[in-house]
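Nothing in this text is a laboratory measurement; each read-out follows from the coordinates by a stated rule. Note that the structure is predicted; figures quoted are calculated from it, not measured. Here the Cβ positions follow ideal geometry from the backbone for every residue, glycine too, while neighbour counts run over all protein chains shown.
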Amino acid sequence: MINLYKGNFIDTPTPGEFRVREESVAVVEEGKLISLESQVPREYASLPVRDLGLVIPSFIDLHVHAPQHMQMGAGLDLGLLDWLDNHTFPGETRFANEDYARELYPLFAKELLRQGSLRSVVYGTIHGKSTLILAEALEKAGLTAFVGKINMDQNAPDSLKEETEESLRESVDFCERMAAHERVRPILTPRFAPSCTEKLMKGLGELARKKDLPVQSHLAETRPEARWVSELFPKSRSYTHVYDDCGLLGPGSLMAHGIYLSDEEIELIREREATLVHCPSANINLSSGIMPLGRYLDGGVNPGLGSDVGAGHTLAMYRAVVQAVQVSKLLRVMEPEGNHRTIKLSEAFYLATMGNGRFFTGRGFEPCGAFEAGMSFDALAIDLELPKAVGMSPLNQLERFLYSGDDRHIKTRILAGREL
Ligand code: GUN
Ligand code: FE
């Protein structure tokens, strides 16, 4: 079946600049963009054309914690480790109760949808059954996602601490049960090195290799955490090496934050083709620091962008786009000797769409993230409801939406050609 959509299409096939194609017609077949034309092709002249106005690729969130959706804002004047102990671990403990998961996770899926994040990579909790309920909620909402059951077998409250072997068994079981879903897939999720023994991480590394599973974790988010890791794992050369030594660092690895890394660690991450996921909102809230994103982009490291709710305080990826630009400016003025460069809005937008999309494409999903022929037609229609007399250009409208628009301005959400 062919669908036709007209509008002003803006995307970022490359990070350097926005591509604007005004008054164009998208020809979509079976969820894929066939072509973007200047007018309706003659062979389709009899088909209806839907006017979407300003059209952008839908957002992709590469790092978000579903159980923390309800704690957004709580304790965000703390540092990471106190915030985990006082707010996050108590909150996650509640998901031992599957009824609670059944009540809350559909609300999370609904909010992702509302904010236009139609693809995401999501953390659950250590509870396999509740995390399967999360996967089901995402699938039911029509979203595409990777979902992980967290592993923790040390330095966690008793209510969230697993036995090593049981944790591994639960992960195998979780991944097998996830096969029931088509557009929601499993990802191995050792929370971060402090909460996992070497034995657990090596077991997960082995599982990742054997079953070709992706991996997500946290890396070098704050100084106290990085110091703690060097005490906990004295045999490893660095924090990054802890994961690498356990077989957890590869092209399918998403490492959130990566603020405090040596040149050697950055080189190792580049070599392994792992992705460093920038989460500026969380980094501001927990006063973690600022990721030198420009250096990573220029140095050939794969970067991604995430909301990191609930350390981040909004699921809106358009806010993360703006925050990435803002913190890059702060880093530049505050560390003039560091040779940092500012991030362009188009680069941050690229990360939230095309850049993050590479993770999905590389893991068996159709290409996505821009309006290129052959890509999944993933789109948001934006309408700022401005008076015609303002006469704002489509690019200006997009900038205004990213900085000060909100979900009220997202009028239509389309994933793989299907309106959600
Ligand atoms: N490090 C370990 N767990 C977490 C978490 O839940 N959020 C963030 N931001 N960092 C972490
Ligand atoms: Fe996180």
Taking H as built 1.01 Å from N, whose amide H comes closer than 5 Å to the amide H of T412, not counting residues under 5 places away?
-> A381
Sort I187, I126 so that the residue with the fewest other Cβ atoms within 10 Å of its own Cβ comes first and the one with the most comes last.
-> I187, I126
Checking rank on 129-138, 381-390, with mean other Cβ inside 10 Å and highest first, the result is 129-138, 381-390
State the answer as a single residue: which of L36, W83, G148 lies farthest towards the positive end of the charge dipole of segment 1-157, with beta carbon charges of +1 for Lys and Arg and -1 for Asp and Glu, about the Cα centre.
-> L36
Can you put W83, W228 in order, fewest other beta carbons within 10 Å first?
-> W228, W83
Distance between modelled label sites at R209 and E23, nm, 7 Å Cα→Cβ extension = 5.9 nm
Arranged by the count of other C-beta atoms within 10 angstrom, fewest first, what order do S346, S217, S281 take?
-> S346, S281, S217
For helix 198-211, what angle does its Cα long axis make with the longest principal axis of the chain, in degrees from 0 to 90 and rounded to 10?
-> 40 degrees
Report the net charge of residues surrounding E23, where surrounding means a beta-carbon distance below 15 angstrom and charges are Lys +1, Arg +1, Asp -1, Glu -1.
-> +1
Setting aside same-chain residues fewer than 8 positions from K329, which aspartates and glutamates have a Cα under 19 Å from its Cα?
-> E17, D298, E337, E347, E399
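Return a whole-number percent for the relative contact order of the chain, with Cα pairs under 8 Å and 6 or more residues apart as the contact set. Could you put the intermediate results ahead of the total?
Working: 917 pairs, mean separation 86.5, N = 420.
Relative CO of the chain lands at 21 percent.
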Under a 5 Å amide H to amide H cut-off, with H placed in plane at 1.01 Å, what residues pair with S35 once short-range neighbours are removed?
-> V27
Can you give the relative contact order of segment 121-235 as a percent, counting alpha carbon pairs under 8 Å and 6+ residues apart?
-> 25 percent
Using the alpha-carbon atoms, what tilt in degrees (0 to 90, nearest 10) does helix 317-334 show relative to the longest principal axis of the chain?
-> 70 degrees
Karplus-derived 3J(HN,Hα), 6.51/-1.76/1.60, for each residue of segment 410-420, Hz, glycine and proline x = 8, 8, 9, 10, 10, 10, 6, x, 10, 6, 9
Let me know the charge dipole size of segment 217-283 about its Cα centre in debye, to the nearest 20, where only the beta-carbon of Lys, Arg (+1) and Asp, Glu (-1) is charged.
-> 160 debye
Note down the net charge around G405, summing +1 for each Lys or Arg and -1 for each Asp or Glu among other residues with Cβ under 14 Å from its Cβ.
-> 0
Helix 394-404 versus the longest principal axis of the chain: what angle, 0 to 90°, nearest 10, using Cα atoms?
-> 40 degrees
Between M70 and D406, Cβ-based FRET efficiency (R0 35 Å, step 0.05) works out to 0.95
What net charge is computed for the residues neighbouring P224, neighbours being all others with C-beta under 14 Å from the C-beta of P224, Lys and Arg scored +1, Asp and Glu -1?
-> -3
Looking at N285, V229, I60, which one has the Cα that reaches farthest to the positive end of the dipole of the chain (charges on Cβ: Lys, Arg +1; Asp, Glu -1)?
-> I60
Say each of K129 and R114 gets a label point 7 Å from the Cα, pointing the same way as Cα to Cβ; how far apart are those two points in nm?
-> 2.9 nm
Give me the distance in nm between label points sitting 7 Å out from Cα along the Cα-to-Cβ direction at D158 and R270, one decimal.
-> 4.9 nm
Going highest first, how would you order 119-125, 360-366 by mean Cβ packing within 10 Å?
-> 119-125, 360-366
Under 5 Å between amide H atoms, partner at least 5 residues away or on a different chain: which partners does S58 have, H built in plane at 1.01 Å?
-> D378, A379, L380
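Placing unit charges on C-beta atoms (Lys and Arg positive, Asp and Glu negative, everything else neutral), compute the dipole magnitude of segment 45-137 about its Cα centre in debye, rounded to 20.
My answer is approximately 400 debye.
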Taking a 26 Å limit on the Cα-Cα distance, which of the listed pairs K110/K149; K129/K411; K344/K388; K6/K32 fall beyond it?
-> K129/K411; K344/K388
